[in-house]
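Asks: Next up is a structure, given as structure tokens.
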Amino acid sequence: MNNYLIDAHCHLNKQELLNDEQLLSFWNTHNFSLFINSVINKSDLIIKHNKLQIRHIAGLHPYLFFEKKQDFDLEDLFYMASNGDIIGIGECGLDKRFNNINDQISLFKEQVAIALEFNLPIVIHCVGKYYEIAKIIKDNFPKALILLHGFTGNKEIIQLFNKLNTYYSISFRLFNKHLNIETLLNILKTEQYVFETDIELNTFTDIDDVISKYQQVNHFINYLSEFQNIDKILSIQSKSIKSIFNIL
């Protein structure tokens, strides 16, 4: 399994695209073996494919829940966790762009409590609130297992979260505009990382655009191979996924 690629965070919410033979051929050729599908609406839980290993996580997003009115709530999330429909809680977290931070914190804490009750990891969405999230976890949920989705923090934030049980998800965000080499190298040092596309299929109509998004994962890995052996990179990815989600 170590030589396979894994999309640790995606939104596979367009079933017809999953049936596209060109896309399936690309995934097969490039050894994509597992997709962690982050549920936005309850209907996303039925997304599946007999040729793909798709596992679901679900959470109440600080923007989608309050601003877009996700069609499930904490009671539904508890049921998903208790029923084994999901293998993680998320994405959930804090977002500085909105003025309801106290409501966000309350919602986040309740979701972390659900994760701990069912021994599930927490997949965190964070915009500008890394220090606040770290403090919440340290003070209230020190045993929580965290995956920082689409991580964009710096060396100091990595050092802070390394004191907790934290994994880092590498995405296009670290390669946009100005490549953050220092952050990448510090993530590599942790040997607790995965890769993600954060693709949302229902925003795509052209299959070539979807494939281009997945080619980014190969780009990440090829770039990082300048600093760490590629076999080790893939091995760490698989080991991290197993440790986070208890699968593979």
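Asks: Non-local amide H neighbours of THR197 (under 5 Å, H modeled in plane, Pro and chain starts lacking H): which ones?
Replies: Counting only residues 5 or more places away or on other chains, the set is ALA8, HIS9.
Asks: Moving on. Compute the length gained on full extension between ARG173 and ILE247: take 0.36 nm times their separation in residues and subtract their Cα-Cα distance, giving the result in nm to one decimal.
Replies: Numbers: separation 74, 0.36 × 74 = 26.64 nm, distance 2.61 nm.
Stretched out fully, the ARG173 to ILE247 stretch lengthens by 24.0 nm.
Asks: If you don't mind, there's one more thing I want to ask. Output the relative contact order of region 5-245, whole-number percent, from Cα pairs under 8 angstrom with separation of 6+ residues. Before the final figure, lay out the partial values.
Replies: Values: 395 pairs, mean separation 47.8, N = 241.
The value is 20 percent.
Asks: Viscosity 0.890 mPa s, temperature 25 °C: what is the translational diffusion coefficient of region 36-113 from Stokes-Einstein with a Kirkwood Rh over Cα pairs, rounded to a whole number of µm²/s? Could you put the intermediate results ahead of the total?
Replies: Numbers: Rh = 13.0 Å.
So the translational diffusion coefficient is about 189 µm²/s.
Asks: Same structure again: Along the charge dipole of the chain, Cβ charges K/R +1 and D/E -1, which of HIS61, ASN162, GLN104 sits furthest on the positive end?
Replies: Ranked along the dipole, the leading option is ASN162.
Asks: Turning to a different aspect of this structure: Counting only pairs 8 or more places apart or on different chains, how many lysine pairs in region 3-105 have C-alpha atoms closer than 24 Å?
Replies: Here the count comes out as 10.
Asks: Follow-up. Please turn the phi angles of region 158-174 into ³J(HN,Hα) values with the Karplus equation 6.51 cos²θ - 1.76 cosθ + 1.60 (θ = phi - 60°), one per residue in order, whole Hz, x for glycine and proline.
Replies: With the stated coefficients, region 158-174 comes to 4, 4, 5, 6, 5, 6, 10, 8, 10, 10, 10, 9, 8, 9, 4, 4, 7 Hz.
Asks: If you don't mind, another one. May I ask for the net charge around ALA144, where only other residues with Cβ less than 14 Å from the Cβ of ALA144 are counted and Lys, Arg are +1 while Asp, Glu are -1? Intermediate values should be presented prior to the final figure.
Replies: Values: positive: LYS109, LYS135, LYS138, LYS143, LYS163; negative: GLU110, GLU117, ASP139.
Within the 14 Å Cβ shell, the charges total +2.
Asks: Under a point-charge model restricted to the Cβ atoms of Lys and Arg (+1) and Asp and Glu (-1), what is the dipole moment magnitude of region 5-245 relative to its Cα centre, in debye to the nearest 20? Don't skip to the answer; put the middle values down first.
Replies: Numbers: 23 positive and 29 negative charges, 158 e Å.
Computed charge dipole of region 5-245: roughly 760 debye.
Asks: Could you calculate the contour length gain from ASN83 to SER25, that is, 0.36 nm times the residue separation minus the distance between their Cα atoms, to one decimal place in nm? Provide the component values of the computation, followed by the final result.
Replies: Details: separation 58, 0.36 × 58 = 20.88 nm, distance 3.31 nm.
In short, 17.6 nm is gained.
Asks: Just checking my list (1) 0.94; (2) 1.08; (3) 0.97 against Rg/Rh (Cα atoms, Kirkwood Rh) computed from this structure; which label fits?
Replies: (1)
Asks: Shifting gears a bit: Peptides 66-73, 7-14: what's the order by average Cβ count within 10 Å, highest mean first? Let's see the in-between values first.
Replies: Values: 66-73: 13.6, 7-14: 22.4.
The most tightly packed comes first, giving 7-14, 66-73.
A short reminder: the numbers here are calculations on the coordinates, not readings from a lab. Since the model is a prediction, treat every value here as computed from it, not as a measurement. Cβ sites come from the backbone with ideal geometry, for glycine too, and all protein chains shown count toward neighbours.
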